[in-house]
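Inspection log for the structure reproduced underneath, given as structure tokens.
Here, each number is a calculation from the coordinates, and none is a lab measurement. Given the structure is predicted, the values throughout are model-derived calculations rather than measurements. Cβ coordinates were reconstructed from backbone atoms using ideal geometry, including for glycine residues, and neighbour counts include every protein chain displayed.
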Amino acid sequence: MTTTGVILGKFMPPHEGHVALVRTASYLVDRLTIILSASDNDPISPSIRKSWMESLFPKAVVIVANNGAEPLASDSPEWGPIIRGFHPEAIDRVIGSEGYIVDLARTLHAQHFILDPMWMAFPANSVEVREDPFGHWKSIPGYVRPYFQKRLTLVGPESTGKSYMADVLAAKFGGPYVPEYGRPYEKYRTSGDYHAEELHYIVDGHVAHRKTLSLKAGPILFEDTDPLLTAVWAEMLLGHSLPELEARIELPDHYLLLDANAPWEQDPLRYYGKQELRQKFFTKIKAKLDTFNAHYTLISGDWVERERQAVAAVEKLLKSPKMHGGADAQK
């Protein structure tokens, strides 16, 4: 006999307590339906929350119940007919962590299961997570983290400490960081002049890696180079810009621009060791940042001073979570 179950919640956002609840429910029923309670003015849009829940629980059916301008209270008697409209088949079990599911289960002629009503296993709630995501980072599932996460990207000419600084910052504030993809590409490519499509390959690899690592990173996703810097590499290597590549640039929340006055360290994978070329590279990067109206901090001085400036920039970035406009404005 196949058992069916229903969970009702806002999941705004889902946290590890919700993950435990839904996973437990999956042991209690064969087919699980998640009813996502929503309204037009929710701080986080229903479509985003639905995507999260589908990613977290691919075997469950996720249905958005949008109640218009005003949210419907969880204990409203209206939920019975609403859920029945979405789920006309018999419902065996209603699973949740709050007392309202007792009456809801009775209305649906189902058995209720109240799991950890005091949230003892995972002491967090969505309001607290939404208001202070950085303070509740461990309670935020990986698929949800990029929504609140800030991205800080290190750019600069070669041998200015980008990889070193990304590693230091990730170790201090929580990693992993996104390594440069162009370096391993350069190491294993055949020799000869670069072609435009190769710069696109580099962007492909870097962006895919960034998306993966963002799910495991801390409140700040540290990134060694990005498509903007690759666009500058195109100008240096090819002698002209690549508009199609530049159209792929997604600005981070902040850049650290490392100046060209760091000591040069010889490396067979590096190209522009002469100081005038390093300065030309730096000037192009700065111009590109300004063209895109990017937010950035100039990092200069010796290694100790560079690290001090970088840490200060990160600490400033950590003072507030990522903000979202429109329906997703943080409230």
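Neighbours of Met120 by Cβ distance under 15 Å: Lys/Arg scored +1, Asp/Glu scored -1, total -3.
Annotation for region 89-107 versus region 139-186: alpha-carbon center distance of 45 Å.
What Kirkwood Rh does region 177-261 have if only Cα atoms enter the pairwise 1/r average? Answer in Å. Averaging 1/r across every pair of different Cα atoms and inverting gives 13.7 Å. What separates the Cα centres of region 251-322 and region 9-67 is a distance of 41 Å. So what does the Cα-only Debye profile of region 149-322 read at q = 0.16 Å⁻¹, as log10 I(q)/I(0), no solvent term? Debye output, listed in q order: -0.95.
Scaled to the compact-protein estimate 2.2 N^0.38 Å, what is the alpha-carbon radius of gyration of the chain, rounded to two decimal places? Each step should come with its number before you reach the end.
Numbers: Rg = 24.7 Å, N = 331, 2.2 N^0.38 = 20.0 Å.
Computed over Cα atoms of the chain, the ratio equals 1.24.
Count charges around Ser76 for me, please; just the other residues with Cβ under 15 Å from its Cβ, Lys/Arg as +1, Asp/Glu as -1. Working shown, then result.
Values: positive: Lys10, Arg84, Arg106; negative: Glu70, Asp75, Glu78, Glu98, Asp103.
Within the 15 Å Cβ shell, the charges total -2.
When the chain is modelled as a GNM with alpha-carbon springs shorter than 10 Å, which of Gly175, Gly99, Gly239 fluctuates the most? Between Gly175, Gly99, Gly239, it is Gly239 that shows the largest mean-square fluctuation. For Val6, nonlocal amide neighbours, meaning residues 5 or more places apart or on other chains whose placed amide H falls under 5 Å from its own, are Thr33, Arg93, Val94, Ile95. What does the charge add up to near Ser241, with Lys and Arg as +1, Asp and Glu as -1, over the other residues with Cβ less than 12 Å from its Cβ? The answer is -1.
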